[in-house]
Amino acid sequence: MRASESTNLYFQQAADHLKMPEWLRKLLLTPKREVTVQVAFERDNGMIETVQGFRVQHDNSRGPMKGGLRYHPAVDLDEVRALAALMTWKTAVVELPYGGAKGGIGIDPKTLSKKELERMTRVFVNEIHEIVGPDTDIPAPDMGTNFEVMSWFRNQWEKYHGFNPAVITGKPVEEYGARGREEATGRGVGIMAVKLLKRLNVRPDQCRTAIQGFGNVGSHAAKFLVESAFPVIAVSDLSGTYFNAKGLNISEMLSYSIKNGNQLTGYTGAERLPAEALLELDVDLLIPAALGDVIHKKNAKSIKAKTIIEAANGPVDPEADEILKARNITILPDILANAGGVTVSYFEWVQNRQHYRWSLDRVRQELDRTMSDAFENVWQQASNQRVSLRTAAFMLAISRVQRATELAGSSL
Ligand code: NAD
């Protein structure tokens, strides 16, 4: 199933519950604008490399559009379109005053030198600078991009439009970035786990947890969960699964991974299993925090966890979603579970616009409040309507975008 098909399927399921007319579904599903540009940049050897860059602006009825920039060989218009729509629903479910967008370039950034990466980013900005801005569309980091790419982007955009760091988020902390942005997505996942388990009447210390992926999201989620008394008994990365039935030493693993190029290869403080073993371990809570579509119809029946929190984007495909639902496995959907990153991006934008700096404590408090309120709303919606948490989250998000569209009135 193509990426945009699964996003739209979840949308349609929620729209059915809302009895939404066909014309409105079409209006909400059709992106406002899709831009494909030529990005021609000089390689270090003097040759010109030509790649395609994309920016899809899905919806701006609730505010300026917001969404990351992804540099990855699989980036194409279809993927960017699906991710842009997902951002519209994500910002709506946590009630940020934003719409949704996404962009990217179909290239593997690891094949570029730092200078090439910078030149490519600046050419991309030259091509799209007129359609992005602090009041229209605000990019952020995503797969294959980082705080340095954000700095180059901002610097190039400001050459056209003047000083305005709010044009992009995920900037370095010393360059108008927000404290706490790096940990935000993983921390948000942890906050959601605490809320969800409380609702399910499971004590954290009795919730054996496995996390797939020990990168930005997985490692910060693991740290927060251990601090909240959850026994994290397995984590995996590309190098394998690391297991200890009594609970892993996450702070030791974090230091090891940082010193080891963000990988756990060679870590000997736990039992080693193959990477693919993690998903089917006998645990209470499973947190996929690596890739999309890792739980599918072939392995959905073998999942033993009773609860899944989708930290990655789209880790459970729609066929698996049905199988897991039938098995009464509770899934907290990505549009809520991993919204901590965009939430703190919003805080960064707010601080930039006010020329004011928040403390780390304030960022954490506001993140907790925003995510917890969103969780309670989704939980109530699911209980009242007797639908899954995913359908409830989509229903809330879609109704908010629908309401904003209707309030805009004649602009239609
Ligand atoms: P990352 O690149 O920092 O980490 C990815 C981790 O997954 C690495 O540890 C890698 O080794 C591991 N991994 C890759 N393939 C694997 C496999 N087959 N088995 C086990 N582990 C594997 O990425 P990230 O920023 O942590 O993002 C993870 C997911 O969360 C992605 O789906 C991303 O789209 C989503 N997400 C990230 C953010 C954010 O703020 N970083 C926000 C929202 C959603």
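Values computed for the structure shown
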| quantity | calculated |
| --- | --- |
| Residues being more than 12 Å from the ligand (Cβ to nearest atom) and polar (S, T, N, Q) - total across segment 253-280 | 2 |
| Residue satisfying condition, being touching a Cys at 6+ places or on another chain (Cβ under 8 Å) and either over 22 Å from VAL316 (Cβ atoms) or assigned by TED's automatic domain parsing to the domain that holds LEU273 (or both), within set PRO165, PRO231, PRO172 | PRO231 |
| Qualifying residue in segment 160-168 (condition: in a helix (DSSP H, G or I), open to solvent by 10 Å² or more (accessible area, probe 1.4 Å) and in contact with a Ser or Thr (Cβ under 9 Å, 6 or more places away or on another chain)) | no |
| Every residue from segment 281-334 that is more than 16 Å from the ligand (Cβ to nearest atom) and of a type in the set (Val, Ile, Thr) | THR307, ILE323, ILE329, THR330 |
| Condition met for GLY170 (over 14 Å from LEU69 (Cα atoms), in contact (Cβ under 8 Å) with a residue 24 or more places away in the chain and within 16 Å of the ligand (Cβ to nearest atom)) | no |
| Residues that are without any contact (Cβ under 8 Å) to a residue 40 or more places away in the chain and farther than 16 Å from PHE243 by Cα, drawn from segment 253-283 | SER255, ILE258, LYS259, ASN260, GLY261 |
| Per-region count, segment 192-207, residues in contact with a Phe, Trp or Tyr (Cβ under 8 Å, 6 or more places away or on another chain) and open to solvent by 10 Å² or more (accessible area, probe 1.4 Å) | 4 |
| Single match in LEU83, LEU69, LEU96, LEU117 (criterion: within 26 Å of HIS161 (Cβ to Cβ) and at pLDDT below 95) | LEU83 |
| Residue within segment 118-129 that is under 24 Å from ASN377 (Cβ atoms) and buried (at least 19 other Cβ atoms within 10 Å of the Cβ) present | no |
| Any hit, segment 335-350, residues being of a type in the set (Gly, Ala, Ser), part of a helix (DSSP H, G or I) and more than 21 Å from ALA85 (Cβ to Cβ) | no |
| Members of segment 351-398 that are under 23 Å from ASP334 (Cβ atoms) and more than 21 Å from the chain's Cα centre (by Cα) | GLN380, GLN381, ALA382, SER383, ASN384, GLN385, ARG386, VAL387 |
| Among the residues listed as THR111, THR136, THR50, the single one being hydroxyl-bearing (Ser, Thr, Tyr) and within 23 Å of the chain's Cα centre (by Cα) | THR136 |
| Residue within segment 120-129 that is within 16 Å of the ligand (Cβ to nearest atom) and in a helix (DSSP H, G or I) present | no |
| Test result for GLU183, within 11 Å of the ligand (Cβ to nearest atom) and surrounded by 24 or more Cβ atoms within 10 Å (Cβ to Cβ) | yes |
| Which numbered condition VAL226 fails, given (1) within 11 Å of the ligand (Cβ to nearest atom); (2) surrounded by fewer than 24 Cβ atoms within 10 Å (Cβ to Cβ) | (1) |
| Condition check for ALA229: modelled with pLDDT of 95 or more, of a type in the set (Gly, Ala, Ser), over 17 Å from GLU280 (Cα atoms) and more than 19 Å from the chain's Cα centre (by Cα) | yes |
| Filtered residues of segment 335-381 (kept if away from the ligand (no atom under 16 Å from the Cβ), crowded, with 19+ Cβ neighbours inside 10 Å and among the β-branched types (Val, Ile, Thr)) | VAL378 |
| Among (1) surrounded by 19 or more Cβ atoms within 10 Å (Cβ to Cβ); (2) within 16 Å of the ligand (Cβ to nearest atom), the one test that GLY215 misses | (1) |
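The values are calculated or read from the model by the stated rules, or taken from the named source; none is laboratory data. Bear in mind that the values here come from a model prediction, so they are computed numbers and not experimental data. So basically every Cβ, Gly included, is an ideal-geometry build from the backbone, and we count neighbours across all protein chains shown. For the accessible areas, the whole protein counts, side chains as well, though only heavy atoms, and no ligand, DNA or RNA atoms are used. Shrake-Rupley method; radii C 1.70, N 1.55, O 1.52, S 1.80 Å.
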